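For reference, the structure discussed in these notes is given below.
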Amino acid sequence: MSKEQLLRWLEEQPGQFVSGEKLSQHLQISRTAVWKQIKKLESEGYVFEASRRLGYKFLSAPDKLDAGLLEQRLETRRFGRSLHLFEEVDSTQNVAQRLAEEGAPEGTLVIAEQQNNGRGRMGRGWVSPKGKGIWMSFVLRPVIPIHFAPQLTLLTAVALCRSLRRLTELPIGIKWPNDLLIDGRKISGILLESTAEDARLRHIIAGVGISVNLEESDYPEEMLKKATSLRIASGGKLERETVIADFHLEFERLYDVYAAEGFEPIVTLWEALSVSLGKPARLTTPQGVIEGVPVGLDNSGAIKVQKPDGSVVLVFSAEMGEVS
């Protein structure tokens, strides 16, 4: 018996409870097996109402991204126009990397309803249930020196923050270098991975994960103090196609500004949206721990940290934690 048979049986009786005993008899499996299949379906985004006395009632199917609707929502010239939409992948970063190696144009976008091995910065995993978030990667081919590549992480964070604030009116801020937070809880992560050859930047894969319509039940309990979603924070469900399209429009605008005017305009925008500046912090770098107060962003993309003795150091890569 497959979960698809169970789902079909429940869908054919909308608005009605079907007892576990009846399901067990109809499908010729144990009631425990019925419960296990229900849990599998719930992990894929299906919603049921369960009652010890009455059984199970089908409520809704997972929200699926509509490629046609996304194309209607897009207002960009090139970003997102070459679209690859998958039901399930190991990681959108891996798929986009393969496409880039095959010559995919700048702006090629890979989206998956579910990632089985999604990753964040420093190899961390990422909670990415089916049908509830945005898990995407896109190809960049900037004509810049290799050492400027980190600037694009900050540009991506600015574009996403501006877009989401506009759509939701939530107080979203950027934690250096690449996290978006609401009241200290993470709603998005950004990961840029560069490929170079003979000191020349070939391409960059920009990965963006956005917790859009996740509910509290989607998170392990220990994560709820550190993570949230746009739906939890706003109290309402968002159309994911609109979120994707609006972000790409904002990104394309800022990317064009960056190409024409350099990084300085991005620095100004980043500092205005930052939640990292002016607060005592502990930065764990490959060379050791630095304590001080972040005071601004350097044009290189490094964070400027004022130490207790008044000196200012540049930090290019670190884990930032607050000091109480």
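Evaluate the following for GLU88: is it in contact (Cβ under 8 Å) with a residue 40 or more places away in the chain and in contact with a Lys or Arg (Cβ under 7 Å, 6 or more places away or on another chain)?
Considered against the rule, which asks whether it is in contact (Cβ under 8 Å) with a residue 40 or more places away in the chain and in contact with a Lys or Arg (Cβ under 7 Å, 6 or more places away or on another chain), GLU88 comes out as no.
Show the residue pairs that are 6+ apart or on different chains and have beta-carbon atoms under 6 Å apart, the first residue being within segment 141-165 and closer than 10 Å to TRP270 by Cβ and touching a residue at least 12 places away in the same chain (Cβ under 8 Å), the second being hydroxyl-bearing (Ser, Thr, Tyr) and assigned to a helix (DSSP H, G or I).
LEU155/TYR258
Residue-by-condition table, conditions (1) in contact with a Ser or Thr (Cβ under 8 Å, 6 or more places away or on another chain); (2) part of a loop (DSSP other than H, G, I, E, B); (3) modelled with pLDDT of 95 or more; (4) of a type in the set (Lys, Arg):
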site	(1), (2), (3), (4)
ILE111	yes, no, yes, no
VAL127	yes, yes, no, no
GLY131	no, yes, no, no
SER137	yes, no, yes, no
HIS147	yes, no, no, no
LEU152	no, no, yes, no
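Looking at segment 262-286, which of its residues are among the β-branched types (Val, Ile, Thr), crowded, with 16+ Cβ neighbours inside 10 Å and not in a loop (DSSP other than H, G, I, E, B)? First the steps, then the outcome.
First pass over segment 262-286, keeping only residues among the β-branched types (Val, Ile, Thr): 266-268, 275, 284-285.
Narrowing further to those that are crowded, with 16+ Cβ neighbours inside 10 Å: 266-267, 275.
ILE266, VAL267, listed by residue number.
Looking only at segment 180-189, decide whether some residue is in a helix (DSSP H, G or I) and out of contact with any Cys (no Cβ under 7 Å at 6 or more places or on another chain).
No - not one qualifying residue is present in segment 180-189.
Could you please let me know if SER194 is in a strand (DSSP E or B) and free of Cβ contacts under 8 Å to residues at least 40 places away in the same chain?
When the stated conditions are applied, SER194 does not pass them.
Considering segment 310-324 alone, what residues qualify as being more than 25 Å from the chain's Cα centre (by Cα) and of a type outside the set (A, V, I, L, M, F, W, C)?
GLY310, SER311, SER324
If you check LEU214 against the conditions, is it farther than 29 Å from PRO105 by Cα, at pLDDT 95 or above and not in a strand (DSSP E or B)?
no
Which of the residues belonging to segment 74-83 are within 20 Å of GLY131 (Cβ to Cβ) and either crowded, with 19+ Cβ neighbours inside 10 Å or in contact (Cβ under 8 Å) with a residue 40 or more places away in the chain (or both)? Walk me through it before giving the result.
Residues of segment 74-83 that are within 20 Å of GLY131 (Cβ to Cβ), as a first pass: 80, 83.
Of everything in segment 74-83, just one residue is within 20 Å of GLY131 (Cβ to Cβ) and either crowded, with 19+ Cβ neighbours inside 10 Å or in contact (Cβ under 8 Å) with a residue 40 or more places away in the chain (or both), namely GLY80.
So which residues in segment 174-192 are within 19 Å of PRO265 (Cα to Cα) and crowded, with 19+ Cβ neighbours inside 10 Å, if there are any at all?
Matches in segment 174-192: ILE174, TRP176, PRO177, ASN178.
Tell me which residues, restricted to segment 287-324, are closer than 17 Å to ILE266 by Cα, among the aliphatic types (A, V, I, L, M) and either touching a helix residue (DSSP H, G or I) at 6+ places or on another chain (Cβ under 9 Å) or in a loop (DSSP other than H, G, I, E, B) (or both).
Within segment 287-324, LEU297, ALA302 meet the criteria.
Quick one: which residue in ILE111, ILE29 is within 30 Å of LEU160 (Cβ to Cβ) and either in contact (Cβ under 8 Å) with a residue 24 or more places away in the chain or not assigned by TED's automatic domain parsing to the domain that holds TRP135 (or both)? Let's see the steps before the verdict.
Numbers: ILE29 fails: within 30 Å of LEU160 (Cβ to Cβ).
Matching residue, one of ILE111, ILE29: ILE111.
Name the one entry in LYS279, LYS237 that is modelled with pLDDT under 95 and either within 20 Å of LEU154 (Cβ to Cβ) or β-branched (Val, Ile, Thr) (or both).
None of the other options fit; the residue is LYS279.
The values are calculated or read from the model by the stated rules, or taken from the named source; none is laboratory data. Computed from a prediction, not measured in an experiment: that's the story for all the values here. Heads up, the Cβs are rebuilt from the backbone with ideal geometry, glycines too, and the neighbour counts pull from every protein chain shown.
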